[in-house]
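Trainee: Handing you a structure now.
A short reminder: the numbers here are calculations on the coordinates, not readings from a lab. Everything quoted here is computed from the prediction, not taken from an experiment. Methodologically, a virtual Cβ is constructed for each residue, glycine included, from the backbone with ideal geometry; neighbour enumeration extends over all protein chains shown.
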Amino acid sequence: MSTVTANRAAGVTTTGSQDVVALIGRVLIAALFIPAGFGKLMGFAGTVGYISSVGLPLPQVAAAVAILVELGLGIMLLVGFKTRWAALGIALFTLVATFAFHNYWAMPADKAFVNQLMFFKNIAVVGGLLTVWAFGPGRLSVDKR
């Protein structure tokens, strides 16, 4: 029996190479969030100030939530623990943060271009996270062991 056939019989529909690619994808996405969360933790006052500068309510709470999502859920995504929920949580957080911080349509021209790039980069990251949510982490994860 081939590996693919055995995997399908066991209810797993990925190949070894797909599992490696899924792991690489999780690592690359987590590499965006984990350092950002750590930076927010180490520079909490600056993070609170930045959140305040865009007029969001409860900036200390928002900063704490950002740290929990980026660092906590980012690590969960990296190791593949409760991966689908971690990916969905990060996706929703990123979507909200994107509209709050990169509203390029309401910015002066000198800031609009960079924020438009950041906006669409974040939307693409949300798409990647939703793909992880839809298809899972692959077998090279805590969830699949």
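Trainee: Look at region 84-108 and say how many of its residues are touching a helix residue (DSSP H, G or I) at 6+ places or on another chain (Cβ under 8 Å), over 10 Å from Phe119 (Cα atoms) and not in a helix (DSSP H, G or I).
Mentor: Matching residues across region 84-108 total 1.
Trainee: Quick one: is Thr83 polar (S, T, N, Q) and either within 19 Å of Pro137 (Cβ to Cβ) or touching a Phe, Trp or Tyr at 6+ places or on another chain (Cβ under 8 Å) (or both)? Spell out how you get there, then give the answer.
Mentor: Working: polar (S, T, N, Q): yes; either within 19 Å of Pro137 (Cβ to Cβ) or touching a Phe, Trp or Tyr at 6+ places or on another chain (Cβ under 8 Å) (or both): yes.
So Thr83 fits the description; yes.
Trainee: Checking Gln60 against (1) loosely packed, with under 15 Cβ neighbours inside 10 Å; (2) on the phi > 0 side of the Ramachandran plot, which single condition isn't satisfied?
Mentor: The one condition Gln60 does not meet is (2).
Trainee: Counting only residues that are of a type in the set (Gly, Ala, Ser), surrounded by 19 or more Cβ atoms within 10 Å (Cβ to Cβ) and closer than 15 Å to Leu32 by Cβ, how many does region 64-96 have? Show your work before the answer.
Mentor: Let us first name the residues in region 64-96 that are of a type in the set (Gly, Ala, Ser), namely 64, 66, 72, 74, 80, 86-87, 89, 91.
From what's left, surrounded by 19 or more Cβ atoms within 10 Å (Cβ to Cβ): 66, 74, 80, 86-87, 89, 91.
Then keep just the ones that are closer than 15 Å to Leu32 by Cβ; that gives 66, 74, 86-87, 89, 91.
The number of residues fulfilling the criteria is 6.
Trainee: Follow-up question, since we're still on this one. Out of (1) touching a residue at least 40 places away in the same chain (Cβ under 8 Å); (2) more than 20 Å from Val125 (Cα to Cα), the odd one out for Gly43 is which?
Mentor: (1)
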